[in-house]
Amino acid sequence: MAAMAWMLAAVGAVTVGADGGPPPGWVAMDPPMSDAGQYCANRSLEDWSVNAAADGTLALRPERRRHRYLAVREVLADGALLGYNRGEFGGWIEWLPRDGGARFQVEHVDPVASTRYRGEVLIAEGMAHMKADHGAVLRFERRDGRRWRIHRLAEFDAAPITALRSGEKDWLLLVVDGVVKVDLDSGRVQRLYRSRDWWTVRPYSIQPLGQGWLLGAARGVVHLQPETGGGYRQRWWVPAQCAQLQPSCTCADPPP
């Protein structure tokens with residue numbers, strides 16, 4: 001099993017096919033339906049991120065995900081908004097002015113991503129821990145060029161993991177159980193996709209692919225592709241040597 005882990009690490013980044021399909025040496029498969037298959041998927045040795053190259057191609061890269069303590073950093077002309085996230089131990093957002101003026105700190109939030117819209121800063125925050133699972137978008141609005149007004153633009157029923165800007169005012173949020181779209185103008189929330197089985201692979205990055213998305217996850221990537229009748233179909237792309245989930249479990253941590 002250690003040899004398999006070394007082989008995966010040595011592969012490095014692979015590129016999504018020009019046809020929008022899996023990279024060479026990868027296969028597409030349906031998510032496992034059995035308990036044994038889900039247990040195997042959850043024991044993957046490798047996490048894969050999805051990254052967009054300068055030419056628009058998507059690269060899949062094996063890496064170990066790390067929790068970022070400093071999760072949000074928005075540098076403005078007169079200061080910086082910084083968001084710190086310690087998971088279940090709490091987080092906060094603070095304003096650090098350049099001129100030594102008044103600082104402030106927003107407590108009891110778990111920031112994960114930020115964007116700007118019409119001169120304002122929007123921060124997605126939320127947490128999933130034990131029975132808690134919630135998310136929100138906070139709007140930081142400037143008043144008379146100096147004072148801040150902070151309010152909740154949107155709330156939703158799952159914790160955000162990361163975010164992707166789509167168009168002028170749409171913000172796509174990858175949440176723990178799917179994908180949510182927030183209209184940054186009105187605050188309207190639209191649930192685009194909900195999954196009941198992502199606990200096995202824990203997606204944590206997102207990039208557009210055609211009319212759908214690729215999500216970096218454990219074992220491989222999750223491909224969400226629109227269906228003719230509406231909604232999205234979920235498929236997993238995994239290295240071919242890692243596609244067997246049962247009766248034997250490839251590319252997985254050894255059983256305890």
Handout entry: Peptides ranked, highest mean first, by Cβ atoms within 10 Å: ranges 114-127, 34-47
Key = 114-127, 34-47
Handout entry: Per residue, the convex hull volume that the Cα atoms of the chain enclose (Å³)
Key = 156 Å³
Practice task
Using a 10 Å cut-off on Cβ atoms, rank the peptides 193-203, 13-23 from the highest mean neighbour count down.
Solution key: 193-203, 13-23
Exercise for the section: Sum -39500 (n - 2.57) across every DSSP H segment of at least 4 residues in the chain, then divide by the residue count to get the 222 nm mean residue ellipticity, nearest 500. Expected result: -2000 deg cm²/dmol
Problem - Of Val106, Leu138, Leu96, farthest towards positive along the dipole that unit charges on Lys, Arg, Asp, Glu beta carbons give the chain - result: Leu96
Exercise for the section: Determine, from the Cβ-Cβ distance of Asp19 and Arg73 and an R0 of 41 Å, the FRET efficiency 1/(1 + (r/R0)^6), rounded to the nearest 0.05. Expected result: 0.65
Handout entry: Cα-projected label distance for Arg188 with His129, points at 7 Å along beta-carbon direction, nm
Key = 3.5 nm
Fill in the blank from the handout: Most packed first (mean Cβ within 10 Å per residue), the peptides 228-239, 153-164 order as 153-164, 228-239
Completion exercise
Everything considered on the Cα gyration tensor (a ≥ b ≥ c; rounded for a/c under 1.5, else prolate if a/b is larger than b/c, else oblate), region 139-207 must be described as prolate
Problem - For a label point 7 Å along the Cα-to-beta-carbon line of Glu227, residues of region 18-57 with backbone N under 15 Å - result: 30-31
Practice task
Using only Cα atoms, find the angle between the long axis of helix 2-11 and the longest principal axis of the chain, and express it within 0 to 90 degrees, rounded to the nearest 10.
Solution key: 60 degrees
Exercise for the section: Could you check the simple spin-label distance between Ala102 and Glu141, using points 7 Å along Cα→Cβ, in nm with one decimal? Expected result: 1.8 nm
Practice task
When a/c is below 1.5 the answer is rounded, else prolate if a/b is larger than b/c, else oblate, so apply that to region 95-204 with a ≥ b ≥ c taken from the square roots of the Cα gyration tensor eigenvalues.
Solution key: prolate
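Only the coordinates and a few stated rules stand behind these numbers; no lab work does. Only a predicted model underlies this, so the values are computations on that prediction, with no experimental measurement involved. Virtual Cβ from ideal backbone geometry, glycine too; neighbours counted across all protein chains shown.
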